[in-house]
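Take a look at the structure set out below.
The values are calculated or read from the model by the stated rules, or taken from the named source; none is laboratory data. Computed from a predicted structure; not experimentally measured. Virtual Cβ from ideal backbone geometry, glycine too; neighbours counted across all protein chains shown. Quick note on the areas: whole protein, heavy atoms, side chains included, nothing else; ligands and nucleic acids left out. Shrake-Rupley method; radii C 1.70, N 1.55, O 1.52, S 1.80 Å.
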Amino acid sequence: MDKKIYKIAITGGPCGGKSKAMSYLMERLTELGFYVIVVPEQATFMIEGSNIRPGKHGIDVSYFQKELLRGQIEVEDRYQRVAEFSDAEKIIILCDRGALDGMAYVPGGITEFIQISAGIKSIGSMRSRYDGIVHLVTAADGAEEYYTLENNTA
């Protein structure tokens with residue numbers, strides 16, 4: 001049997017259930033015989049792990065997103081290489097957010113995101129990095145009282 005590696009991005013706004021979905025998918029896919037590798041959310045890593053605050057202390061939001069995107073791609077590629085080295089035959093890489101997520105945080109939207117994003121030719125080329133993208137709608141959409149920073153302060 002040939003090894004197959006699938007890469008799926010789990011995306012969506014705050015309080016969309018990404019963390020719960022990731023936990024559920026990891027458990028369920030493992031039960032189905034997949035080796036599941038999880039790429040952690042890079043924005044949380046950069047913000048909580050280093051005290052970097054986009055928009056503060058002179059850190060331009062667009063520049064931050066450019067560096068975040070560069071890091072996201074590097075980390076995803078690194079996890080892909082590790083997966084290729086594994087002797088597991090069925091592998092799924094779950095990405096807590098994907099390379100396109102930063103687009104929502106760039107003031108100029110899609111056009112500016114493509115301009116700052118270090119070599120991206122099109123949104124389609126970025127989508128093609130994934131075998132699937134699951135977009136979850138935030139629970140706080142129209143119900144802000146349910147928005148919480150309980151499991152992620154970044």
Out of all the residues in segment 62-75, is one or more outside any helix (DSSP H, G or I) and either open to solvent by 40 Å² or more (accessible area, probe 1.4 Å) or among the hydrophobic types (A, V, I, L, M, F, W, C) (or both)? no
Which residues, counting only those in segment 81-107, are assigned to a helix (DSSP H, G or I), open to solvent by less than 40 Å² (accessible area, probe 1.4 Å) and either within 30 Å of Leu32 (Cα to Cα) or in contact with a Cys (Cβ under 9 Å, 6 or more places away or on another chain) (or both)? Ala83, Asp101
Considering Gly98, Gly13, which residue is at pLDDT 85 or above, closer than 18 Å to His135 by Cβ and not hydrophobic (A, V, I, L, M, F, W, C)? Gly98
In segment 14-50, anything touching a helix residue (DSSP H, G or I) at 6+ places or on another chain (Cβ under 9 Å), farther than 21 Å from Val61 by Cβ and open to solvent by 70 Å² or more (accessible area, probe 1.4 Å) is listed as Tyr35
Could you please give the count of residues in segment 40-85 that are touching a residue at least 24 places away in the same chain (Cβ under 8 Å) and of a type outside the set (Phe, Trp, Tyr)? 25
Looking across segment 117-126 at residues that are closer than 18 Å to Arg70 by Cβ and open to solvent by 30 Å² or more (accessible area, probe 1.4 Å), the single one that is modelled with the lowest pLDDT is Ala118
